[in-house]
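The values are calculated or read from the model by the stated rules, or taken from the named source; none is laboratory data. Predicted, not measured: the structure shown is a model, and the values here were computed from it. Please note: Cβ atoms are built from the backbone with ideal geometry, for glycine as well, and neighbour counts cover all protein chains shown. We work out accessible area using only protein heavy atoms, side chains counted, and drop any ligands, DNA or RNA first. Shrake-Rupley method; radii C 1.70, N 1.55, O 1.52, S 1.80 Å.
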Amino acid sequence: MPRIDRIAEPWGTRTPYGPGETWPVRVDTHLADGVGADDVDRWVQSATILHSNGDGLDIAVKDGRIVGVRGRADDRVNHGRLGPKDLFGWQANNSPDRLTRPLVRRNGELVETDWDTAMDAVAGRCRELLDEQGPSAISFYTTGQLFLEEYYTLGLIAHGGIGTNHVDGNTRLCTATAAAALKETFASDGQPGSYTDIDHADVIALYGHNMAETQTVLWTRILDRLAGPNPPAIVCVDPRETPVARAATVHLAPRPGTNVMLMNALLHEVIGNGWVDRRYVEAHTVGFKELEKRVRDYPPEVAAEVCDVPVERIREAARLIGTAERLLSTVLQGFYQSHQATAAAVQVNNINVVRGMLGRPGCGILQMNGQPTAQNTRECGADGDLPGFRNWSNDSHVQDLARVWNVDPMDIPHYSPPTHAMQMFRYAEEGSIRFMWVTATNPAVSMPELRRIREILAQERLFLVVQDIFLSETAQLADVVLPAATWGEKTGTFTNVDRTVHLSEKAVEPPGEARPDLDILVDFASRLGLRDKDGAPLVKWTDPEAAFEGWKECSRGRPCDYTGLSYDKLRERNGIQWPCTDEHPDGTEHIYVDGQFWAAPDYCESYGRDLVTGAPLEPAEYKALNPTGRAVLKAAEYLPPHEIPGQDFPFQLITGRTLYHFHTRTKTARAPQLQAAAPEVWVEMSPSDAADRGWGEGDLLEVATPRGRVTARLRVSGIRPGVLFLPFHYGYWDEPGGQRPDGASGRAANELTLTDWDPASKQPVFKTAAAQVTRLEVSTGAPAPAPTTTGSRPVDDAVPPTRGGADAQVDEAVATGGAR
């Protein structure tokens with residue numbers, strides 16, 4: 001089998017295939033130096049966690065340690081392929097600086113202690129505040145990296161036991177708009193697309209979605225389609241010249257903050273040219289006349305001026321989208337973290353709906369997730385919503401949930417919308433939230449306007465609990481730190497964006513005294529003495545499989561119905577799409593077939609919101625609008641961004657991901673191959689902007705906004721003029737002292753971002769800050785080699801031109817015969 005340097009070649013070798021054919025198998029394997037396949041003691045079933053794709057893999061174990069991974073050939077998601085973070089990221093599990101004992105703050109310092117002392121401190125302070133102030137004092141800020149069983153237990157404790165409305169996660173920063181957009185159009189969460197739609201689509205449109213770096217294996221699937229017969233056309237909307245943009249048939253690079261303007265122009269052309277499935281629209285939608293009227297005001301000429309995109313490209317993109325026979329649309333952070341996020345993402349839904357492109361092979365929408373288990377936070381109520389996609393505004397849904405939990409319906413908070421993360425931190429700033437439990441995330445680096453966030457987390461009046469595997473920047477500010485087990489060290493299930501459920505088995509023991517997150521939560525509930533209305537323990541399970549069975553009952557009859565799944569079934573065939581029921585025992589590849597939606601007023605998850613104010617619709621309003629449960633075509637007016645460039649801050653700053661890192665690098669920077677590929681923060685600038693200033697590759701620049709400063713080396717790239725890009729991964733935990741030095745210029749992009757959020761999804765705006773930039777130092781080194789193109793694989797500026805070295809070699813076993 002060939003050995004490929006998967007740092008230099010992140011998408012691996014091509015296995016071309018054509019429309020309607022099965023994606024060929026290619027099994028990727030990486031083992032630690034000196035370990036061969038015959039040396040592995042056992043392979044343990046799992047799936048990937050350092051991105052949102054959900055690739056099936058097996059964990060290699062030798063002498064009680066993880067020593068490598070291998071893609072699962074029979075997995076519906078990846079057909080054996082793995083990305084660079086999958087192949088190398090597991091090494092973080094073995095890092096010598098893992099947290100192994102609880103820590104408590106004594107005299108201003110974190111010191112080791114035992115579990116009883118730590119948990120008594122956590123439960124004791126929680127109980128004190130409940131007695132003194134009530135549930136409004138307590139908050140939970142979680143993640144997109146736990147397992148379903150842990151999220152569901154957390155939701156039960158927070159909503160059904162403590163009764164707090166302050167529950168959210170870092171998924172608010174990356175996928176809140178995905179859920180919000182689906183709720184606006186379909187009145188429920190749940191993805192209308194499937195990864196297999198790539199196998200059939202003749203047009204794939206990616207809106208603000210640099211799939212090549214965020215979901216490398218899914219992009220590999222598209223590259224293999226592009227290399228095969230009858231490849232799909234690609235439409236890319238992104239201000240950067242990403243690998244997706246270079247592979248695109250049409251690339252639209254709008255000014256940041258103008259996505260709604262661009263989408264309205266595309267809809268203007270689709271509707272104006274008659275590329276509408278009128279029969280579908282009349283039978284299965286409401287709101288078309290209002291949408292048609294709204295987009296008349298947005299001809300391509302107007303959008304070209306506002307977005308600074310050539311009018312002929314807008315028309316060509318609209319023609320491809322409007323005449324596609326099988327259209328797949330995907331959306332990610334370029335829309336979600338921008339101005340008017342939900343309004344823009346809803347217009348993507350509108351395109352597929354007016355074209356009737358739903359519920360059949362090649363026709364779908366993927367409002368993508370950014371994290372491996374983000375879908376489960378939304379399903380299980382760990383993002384503030386009610387579990388099972390129940391509607392917090394529907395009293396019968398609250399009563400049904402109370403029945404499942406055996407609690408009084410009035411004990412479940414539903415008197416107002418759930419508190420989103422940005423509001424939670426504001427309440428903590430104001431002093432009404434006095435207890436915050438942060439799990440598996442690092443808001444001291446990932447939240448916007450970091451100076452403010454650090455000040456909030458460091459308040460003496462805030463009791464901060466951090467549950468993590470490393471001493472992150474956030475953990476360093478905590479009153480109690482709880483060492484957790486991570487992937488490979490515990491058992492549980494998780495669900496990717498196309499509703500595929502995987503079981504991840506425990507492969508090795510966690511280090512030291514670290515515990516699974518589920519065990520910690522069950523212990524907490526026990527110490528608080530949480531009970532149901534009959535006096536029995538509120539949390540009725542102590543192991544993952546029993547928690548999963550409890551979740552199944554909660555999901556019964558709801559859109560995300562898991563009742564047909566079990567651990568045994570997932571061990572036999574890992575990777576099954578919900579809803580999975582007795583009626584559909586093998587799962588469901590496509591939802592919304594023949595216009596059958598989950599939008600009926602008595603069943604839907606949400607009645608929707610005003611896209612400008614964010615105000616929720618009343619039940620009576622929704623019932624009048626949509627009495628028979630159709631898809632809602634919701635129009636949106638373009639509004640300019642809140643912070644625009646000016647004389648002092650002439651650039652627009654956007655932030656985003658790089659292929660080799662995940663979140664704040666707490667895991668990926670501990671994988672040598674990944675850290676070597678992207679060791680330091682950089683700032684991207686267009687060639688014309690750099691030339692105008694006489695700046696060159698590698699010059700040291702300082703980027704500033706009204707909120708802070710960041711120092712980074714210049715990378716001249718294909719980004720549009722007037723825009724700067726910073727990757728958001730880089731914090732301070734691996735710097736001397738582990739925190740940003742006072743008064744110094746930082747390296748965390750969120751020193752610069754603003755406190756602003758979308759009115760509907762409440763997702764922070766990371767992509768429209770006004771910025772200035774100055775040069776601090778001229779580079780004395782040789783300029784980096786220019787990006788190249790190898791075969792059909794476009795190489796992005798963010799992909800280092802140097803090779804990864806011998807330790808980045810990966811085995812690729814390509815199946816032969818019968819691949820098509």
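Quick rundown of the values:
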{"read-out": "Long-range HN-HN contacts of Arg609 with modeled amide H, under 5 Å", "value": "Leu617"}
{"read-out": "Exceeding the 30 Å Cα-Cα cut-off - candidates Lys506/Lys767; Lys569/Lys623; Lys506/Lys552", "value": "Lys506/Lys767; Lys569/Lys623"}
{"read-out": "Separation of the Arg531 and Thr22 label points, Cα + 7 Å toward Cβ, nm", "value": "5.7"}
{"read-out": "Under Karplus coefficients 6.51, -1.76 and 1.60, residue-wise ³J(HN,Hα) of segment 382-392 in Hz, glycine/proline x", "value": "8, 9, x, 6, 7, x, x, 6, 7, 9, 5"}
{"read-out": "Gain on full stretching of the segment that runs from Asp33 to Glu618 - 0.36 nm per residue minus C-alpha separation", "value": "204.5 nm"}
{"read-out": "Accessible surface of segment 3-94 [probe 1.4 Å, protein heavy atoms]: carbon and sulfur percent", "value": "45"}
{"read-out": "Highest average packing first - 398-410, 32-44, 259-271, Cβ atoms within 10 Å", "value": "259-271, 398-410, 32-44"}
{"read-out": "Carbon plus sulfur fraction of accessible area for segment 651-787, probe 1.4 Å, in percent", "value": "54"}
{"read-out": "Under-5 Å amide H pairs with Leu701, H placed in peptide plane, nonlocal only", "value": "Ala712, Arg713, Leu714, Leu776"}
{"read-out": "Selection of GluC sites (Glu not before Pro), segment 535-607, meeting DSSP coil and at most 15 other Cβ within 10 Å", "value": "Glu583"}
{"read-out": "Rough spin-label spacing in nm, given labels placed 7 Å along Cα→Cβ, for Arg105 and Glu312", "value": "6.2"}
{"read-out": "Residue-wise HN-Hα coupling along segment 618-633, computed from phi with Karplus coefficients 6.51, -1.76, 1.60 (Hz; x: Gly, Pro)", "value": "6, x, 5, 4, 5, 4, 5, 6, 9, x, 9, x, 8, 6, 9, 8"}
{"read-out": "Segment 662-770: GluC sites (Glu not before Pro) falling in loop per DSSP and having at most 14 other Cβ within 10 Å", "value": "Glu680"}
{"read-out": "Full-stretch length increase - Gln133, Trp115 - with 0.36 nm per residue and alpha-carbon distance subtracted", "value": "3.8 nm"}
{"read-out": "Per residue accessible area in Å² of the chain, where ligands, DNA and RNA are left out and the probe is 1.4 Å", "value": "32"}
{"read-out": "Potential extension, Glu680-Glu455 segment - 0.36 nm per residue separation minus Cα distance", "value": "78.4 nm"}
{"read-out": "Computed [θ] at 222 nm, helices only, for the chain once each DSSP H run of length n ≥ 4 contributes -39500 (n - 2.57)", "value": "-7500 deg cm²/dmol"}
{"read-out": "From phi via Karplus (6.51, -1.76, 1.60), per-residue ³J(HN,Hα) for segment 61-67 in Hz, x at Gly/Pro", "value": "10, 9, 6, x, 10, 6, 10"}
{"read-out": "Three-way shape label, segment 102-167, alpha-carbon gyration tensor, a/c 1.5", "value": "oblate"}
{"read-out": "Amide hydrogen neighbours beyond the local backbone of Ala485, cut-off 5 Å, H modeled", "value": "Arg515, Asp517"}
{"read-out": "Segment 387-522, accessible surface, carbon-and-sulfur percent (1.4 angstrom probe)", "value": "46"}
